[in-house]
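Attaching a single structure in structure tokens format; questions to follow.
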Amino acid sequence: MSDHAFQLLAIIIYMLAMIIIGWFAYRKTTNLNDYMLGGRDLGPAVTALSAGAADMSGWLLMGLPGAIYAAGLVEAWIAIGLTVGAWLNWYLVAPRLRVYTQISKDSITIPSFLDNRLRDNTKLIRIVSGIVILVFFTFYVSSGMVSGGKFFQSSFGFDYHTGLIIVSVVTVGYTLFGGFLAVSYTDFLQGLIMFLALVLVPTIGIFFTGGIGETIDSIKAVNPEQFSLFASTATAAGIISSVAWGLGYFGQPHIIVRFMAIKSVKETKQARRIGIGWMILSLAGAIGTALVGLAYFQQNGGTIDDPETIFIVMGQILFHPFVAGIMLAAILAAIMSTISSQLIVTSSALIEDMYRALFKKEASDRHYVMSGRIAVLIVAIVAAILGWNPNSSILDLVGFAWAGFGAAFGPTILLALYWKKLTNIGALVGMIVGAVVAFVWGQSALTDVLYEIVPGFIINLILAVIVSLITYKPNTEIEKEFNDTLELLNSEREK
């Protein structure tokens, strides 16, 4: 067999595994709660790794190693900010959101939680939140499909559209039938594949470069500042902007929905340890891959045209073609795990937060599960159409989407969980203005000075507090839910 045949075989085995898991999840999905939230029965390991895999996407295996290879550890500030942000998200948001969403009318989506928590009789928060999720995640899903098309094009010489269709059909297939459970189980496996690949490449690679000492010397021969977090190219504003990516975690619906689905509050601590451990080792592996790759090419001559392919190139140099195919599957796993997570959240927003909220239609769970599957299909088709042009500018929206969600939902979620005086008007004003500020800032030259999530997040927080203080009226139901949440949270932790 040729090298490409071995690699393609690994990809086919990986995709078959995804479809089998989707079928297994389909057999376990019986109602809307199962389809949208997995019956709130996820274990800590599945919760942790599925959240991590949904979060990282192809950036972990291509974007970060490419940046480190080209510029050194000065590009690691985003990784540091993301790690701190993820830890704070697990610590501050996960336990409270798990309890509060259950107490507040068993909310199964972020918009429905905000609606129930704030007693928003106008349903504006639910609808606006649903629209924001629907619009931006459709573009986000499309960008993932574009990445999938380009993956097959660059790795196997497939036509771009053929690659896009393959990734779309497999991902939509297991998401559509298996719902949240399929997404979580496949993300768990994909997280394992990503982790093993990122640990193996630098570990094996360092033997090829003569050990730690020789590797470090070779790297310094290329760039004396390669190991410096404060290289001459670093600026204070640049470091703040990079670290500020961590703020985005508090408002990412496809990540924090995992906190709502975990089996119990007690298991959030174990999940946090697993998730942050996975994240630190994976990020270290991505950085190590770039550094070992730099040393390898310094010692053996030559270079690579695109630094973002360093993980792929090193995998093909170091391993048998079948194992190199598994390395390629890790990239595909990163892409598909994010697409599937965003699809199920978008489906939830469309059915639970818009269709159900607007029409108040009383129907069976079977009706809503089927509607959810139709929603997944519709969103996927629209996303595929948007991504049909390989030169589409949709990929430019990915960075904005992270900032937009973080600025729109982040302060709102934190205030809803920790401040009983937050009002529906305060939340709505803060959410809309935060998203608008992030958008306008991101489209201006100011984004070169400071990442747009910083002003968007801060202005949302300030406005939500001020408007809430002006419009606050005591509400016994809201206060009871808030106090009940704290009581249940404390009792769960003591178990």
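For TYR69, TYR91, which order do you get if you count the other beta carbons within 10 Å of each Cβ and list the fewest first?
TYR91, TYR69
Still on this model: Which of VAL167, VAL84 has the fewest other C-beta atoms within 10 Å, and how do the rest follow up to the most?
Taking fewest neighbouring Cβ atoms as first place, the list is VAL84, VAL167.
Net charge within 12 Å of GLN342 by Cβ-Cβ distance, Lys/Arg positive one each and Asp/Glu negative one each, not counting GLN342 itself?
For residues surrounding GLN342, the net value is -2.
If you don't mind, there's one more thing I want to ask. If we sort 174-182, 472-480, 158-166 on the protection proxy, mean other Cβ atoms within 10 Å, highest first, what's the order?
Ranked from most to least packed, the peptides come out as 174-182, 158-166, 472-480.
How tilted is helix 266-300 with respect to the longest principal axis of the chain? Cα atoms for both, answer in degrees (0 to 90, nearest 10).
30 degrees
Where does each of SER340, SER444, SER468 land when they are ranked from fewest to most other beta-carbon atoms within 10 angstrom?
Lowest to highest Cβ neighbour count: SER444, SER468, SER340.
For the Cα atoms of the chain, what angle does the longest principal axis make with the long axis of helix 397-418, in degrees from 0 to 90, nearest 10?
40 degrees
Moving to a separate point now. Using helices alone, I'd like the mean residue ellipticity at 222 nm for the chain: each DSSP H run of four-plus residues gives -39500 (n - 2.57), total over residue count, nearest 500.
Calculated mean residue ellipticity at 222 nm is -25500 deg cm²/dmol.
Sticking with this structure for a sec: Rank GLY144, GLY248, ASN121 by how far each Cα sits towards the positive end of the charge dipole of segment 3-395 (+1 on Lys, Arg Cβ; -1 on Asp, Glu Cβ) and give me just the farthest.
Comparing the listed Cα positions along the dipole, ASN121 ranks first.
Using the charge dipole of the chain (Lys, Arg: +1 at Cβ; Asp, Glu: -1 at Cβ; taken about the Cα centre), state which of SER337, LEU461, LEU64 has its Cα farthest towards the positive end.
Value computed over the given set: LEU461.
Please report, in debye to the nearest 20, how large the charge dipole of the chain is about its Cα centre when each Lys and Arg carries +1 at its beta carbon and each Asp and Glu carries -1 there.
The dipole of the chain has a size of about 1540 debye.
Considering only Cα-Cα distances, which of the following residue pairs are longer than 21 Å: LYS123/LYS263; LYS420/LYS473; LYS105/LYS420?
Where the Cα-Cα span goes over 21 Å, the pairs concerned are LYS123/LYS263.
Order these peptides, 19-28, 109-118, 227-236, 306-315, by their mean beta-carbon neighbour count within 10 angstrom, highest first.
109-118, 306-315, 19-28, 227-236
Going by alpha carbons, how many degrees (0 to 90, nearest 10) lie between the helix axis of 160-208 and the longest principal axis of the chain?
40 degrees
Give me the percent relative contact order of the chain, please, defined on Cα pairs under 8 angstrom at least 6 residues apart. Could the numbers behind the result be given before it?
Working: 834 pairs, mean separation 153.5, N = 495.
Relative CO of the chain lands at 31 percent.
Mind ordering 129-142, 288-301 by average Cβ neighbours within 10 Å, highest first?
So the peptides 129-142, 288-301, ranked by packing, come out 129-142, 288-301.
May I ask for the net charge around MET62, where only other residues with Cβ less than 10 Å from the Cβ of MET62 are counted and Lys, Arg are +1 while Asp, Glu are -1?
-2
Take the Cα coordinates of segment 317-377, assign each an equal point scatterer, and use the Debye formula without solvent to give log10 I(q)/I(0) at q = 0.19 Å⁻¹.
-0.72
FYI, it's all coordinate maths here, none of it is from the lab. Predicted model only: the values in this text are computed from it and were never measured. A quick note on method: Cβ atoms are made from the backbone with ideal geometry, for glycine too, and the neighbour counts reach across all protein chains shown.
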